[in-house]
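*Asks:* My structure is below; once you've seen it, I'll send some questions.
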């Protein structure tokens, strides 16, 4: 029994005893001393009760956190034992799934329909110690989130949030207007009246499907054995990571692609500022100041900056007069997180001088600047007919995703970075 409950019960008993003693017109000396003792104990218990509540609150929080993450850990441990090799053999030979692999597949099928065999995203993660040539696999313990799969991508390093969606659509209402503070104009004057709280919805829909195809030869199926699992996982993980990372920034919004940040700047309400000058610390510092002035970020450490490697090359070669400090050194010393990418930003063009673009993002009040929703698991479909003459097996992995920006003010695009 909790200490706070015990103290509460004792306090109730003390009140009952005091009520009996106080009701007497002429209490005896023993009864008077008893009232004083009970009163002192009651006051002491009040202090103990408050202390017990504080201590037990921490215990409840820890227990609550344990309950919230227990199911995630159980799924993570189950998915970590998923064998892609069984899926390949089932598609090629019709072999039945077994063990934890069969349990995961049944769980995924119950959550949504799949044409082929569903594969959890966690199973595609490249695990420590895996090689094709040799070595003993040493799988690490993974968390049940998409973030782990794309942990090294530019999108997640720029603050993008990866969301696992079961079925249906998902939207994020973003507040655009609400309560306004104001002062009473006089002693009897009223403060400003209530303002309407308005929001705008940022929906994500399962309208965009990303596919990865691969061929597995008959020799590979017969010879590779367990090594085939690492090869398939590594290939699929790299292909999905590269394309998702690209489309978050450069998705055209047509041809089956979701609308990315750069092409969708006007749609998402993202400010575009022309630098039209050589890349320098001063140029990016001015952009960071505009960012903070717009109340999007409260410090330089909260700002993420995405650049092309060519910009780094130019800035690192530009030394301050009489010093060994470059423009790049000044930038990385002040801006919180500088990310270099060749996948998220188009190659520099034009010129002379050649120009590139840059992107600033920040998370405000825990709200990510970009959301990437992915529906369900990877749907792996078998095609034994297209390459039947050579005995090859063609596998198609499909995943559905969408991209949206919650608040355009949390991002800023810089153009004309020379």
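*Asks:* Where a ≥ b ≥ c are the square roots of the eigenvalues of the C-alpha gyration tensor, would you call region 274-327 rounded, which needs a/c under 1.5, or, failing that, prolate if a/b is larger than b/c, or oblate?
*Replies:* prolate
*Asks:* What are the semi-axes of the equivalent ellipsoid for region 244-361, taken as the square roots of 5 times the Cα gyration tensor eigenvalues, largest first, in whole Å?
*Replies:* So the three semi-axes of region 244-361 are 26, 18, 12 Å.
*Asks:* Report, in cubic angstrom per residue, the convex hull volume of the C-alpha atoms of region 1-44.
*Replies:* Residue-normalised Cα hull volume stands at 56 Å³.
*Asks:* While we're here: Starting from the Cα-Cα distance between residue 276 and residue 10, subtract it from 0.36 nm times their residue separation and give me the gain in nm to one decimal.
*Replies:* 88.1 nm
*Asks:* Here is a follow-up. Can you compute the FRET efficiency between residue 252 and residue 17 using 1/(1 + (r/R0)^6), with r the Cβ-Cβ distance and R0 = 51 Å? Round to the nearest 0.05.
*Replies:* Computed FRET efficiency for residue 252 and residue 17 comes out at 0.05.
*Asks:* Between residue 34 and residue 316, what FRET efficiency comes out of the Förster formula 1/(1 + (r/R0)^6) with R0 = 56 Å and r the beta carbon distance, rounded to 0.05?
*Replies:* 0.10
*Asks:* Still on this structure, please answer the following. Determine the distance separating the Cα centre of region 18-44 from the Cα centre of region 349-385; give it in Å without decimals.
*Replies:* 73 Å
Read-outs throughout are calculated quantities, based only on the coordinates presented, and are distinct from any laboratory measurement. Since the structure is predicted, the reported quantities are computational estimates derived from the model, not experimental observations. All Cβ positions, glycine included, derive from the backbone under ideal geometry; neighbour counts span all protein chains shown.
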